[in-house]
Amino acid sequence: MFVITLIIGAVSAIANFVLGLIPMGSIIATVVVTPAFALSMVRVYLMVIGGEKPSAGDSFCGFDDFWSAFKVTFLTGLYTFLWSLLFVIPGIVKSFSYSMSMYILAENKGMSARECITASKYMTNGYKMDLFVLGLSFIGWAMLCGLTLGIAAIWVVPYMNATYANAYQSLKAANATTSV
């Protein structure tokens, strides 16, 4: 997992640096690179918790469905922003409501972005506080990363990603039993 996280981090940093040299380049890098790598990361961690062994080439598997990853990222960001215009709290609640959208896309390649977001809202119904507490549990780890100038991120980022992938699997299983 370290190698895959390192590959994704290095390629993202290089893309941001190189494209940052041209006007509006960092925005282009963020729009093009981030959604695809986010989908790649989700797919890799779902593979790991599913018992499969990912390869370094799987670091780029999100680019095969770039457009869907972009739409999910854009729409969840837009919806969260619009909810945040009401007050901060509704935006935070909705961000947890939409948090499983990329995982749903990773497992359902043909799903539209809106269907992924709707499924995420349904899946997280009644579990948003649990996801909030899960996020809070990483505050100490984030501070450790800051204190070590990012060196601890080598271990913390894969741990966090695996934890969120397991949370997704738990929510999926909980919704499968309640919908029957």
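Okay, here's what the table says:
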| item | result |
| --- | --- |
| Shape metrics for the chain, restricted to C-alpha atoms - Rg then Dmax, Å | 16.5, 54 |
| Carbon + sulfur, % of accessible area of the stretch 1-99 - ligands and nucleic acids excluded, 1.4 Å | 78 |
| Rough spin-label spacing in nm, given labels placed 7 Å along Cα→Cβ, for Gln169 and Phe63 | 2.8 |
| Residues of the chain: accessible area per residue with a 1.4 Å probe, Å² | 56 |
| Karplus (6.51, -1.76, 1.60) ³J(HN,Hα), θ = phi - 60°, over the stretch 144-157, in Hz, Gly and Pro reported as x | 4, 4, x, 5, 9, 6, x, 5, 5, 4, 4, 9, 6, 4 |
| Under Karplus coefficients 6.51, -1.76 and 1.60, residue-wise ³J(HN,Hα) of the stretch 21-29 in Hz, glycine/proline x | 6, 9, x, 6, x, 5, 5, 4, 4 |
| Accessible surface of Met47 - all protein chains present, 1.4 Å probe, nearest 10 Å² | 40 |
| Efficiency of FRET between Ser55 and Glu115 - r from beta-carbon atoms, R0 22 angstrom, step 0.05 | 0.15 |
| Solvent-accessible surface ranking, highest first, for Leu78, Leu46, Leu39 at 1.4 angstrom | Leu78, Leu46, Leu39 |
| Additional length obtainable on full extension of the chain from Ala176 to Ala13, 0.36 nm per residue less Cα span | 54.8 nm |
| Calculated FRET efficiency for the pair Val3/Trp155, C-beta based, R₀ 22 Å, to 0.05 | 0.95 |
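The values are calculated or read from the model by the stated rules, or taken from the named source; none is laboratory data. Since this is a predicted model, take the numbers as computed values, not measurements. Note that we place each Cβ from the backbone using ideal geometry, even for glycine, and neighbour counts take in every protein chain shown. Surface accessibility is based on the protein's heavy atoms, side chains included, excluding ligands, DNA and RNA. Shrake-Rupley method; radii C 1.70, N 1.55, O 1.52, S 1.80 Å.
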